[in-house]
Amino acid sequence: MIRQLWQAVGGDVRVAVDEAEWWGASLSVLIAAVHHPDALVTRQPETDPLVVARDVLADVAELYAAADVADAQARRADPEDRPASVSVRRDGAEIVFAPGAEVANLARCLELFASAVVDPGGAEAATARGATAYAASAWSADIGRASGTLGAVDPPRQRGISSEPAAVNGGHDRRAAFGSGPGR
């Protein structure tokens, strides 16, 4: 039986903590590979950023699908019930992204940095080397704080809302990409 890892509920996206940790750690590795490759090699020599990038690119569609489902749910709900800002928080064994449509922004950061690692000379790499790293780093840190992998669980950070969209399920073992590295 495949465990459902992502689900949209009431316009939010809920994900198993270990799955969210993998996405956050993957994004962290990809950011480091683009911005601090020497530090990544020194601190996590067992981590292959190219393997992480390929795994992310193979699975990022699930995040876009989750965001789309959550966005559709939110559009059917009362507009006054929509959050005014984005939060990433832990609720038991799940990480909750509210509003869930914002998961599309997380997915875009993951896709952008993974593409930059796969093709360092491409257009996506030029974008990844710019200010987009701040947004990507914030996503990775928010997930790390919410899951507890970055020290004590702090109150969720708040970000402004965008109109970009963002499902449901994933399920294979991603530990091989990290060896004994982050999140696994």
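Computed from the coordinates by the stated procedures, all read-outs in this text should not be read as laboratory data. All of these numbers come straight from a predicted model, not from anything done at the bench. Every residue, glycine among them, receives a Cβ derived from its backbone with ideal geometry; neighbour counts consider all protein chains shown.
Spin-label model, A123/L150: points 7 Å from Cα along the beta carbon direction are separated by 3.0 nm.
Take the Cα of R54, step 7 Å toward its Cβ, do the same at D18, and the gap between the two points is 2.4 nm. For the range 60-140, trypsin sites (Lys or Arg not before Pro) meeting the loop criterion (DSSP other than H, G, I, E, B) and having at most 14 other Cβ atoms within 10 Å: R129. Simple rule: put +1 on each Lys or Arg Cβ and -1 on each Asp or Glu Cβ in the range 3-49, find the dipole, and look at A20, P45, V34; the Cα lying farthest toward the positive end is A20. Inter-label distance, A77 to S137: 3.1 nm, where each label sits 7 Å from its Cα along the C-beta direction.
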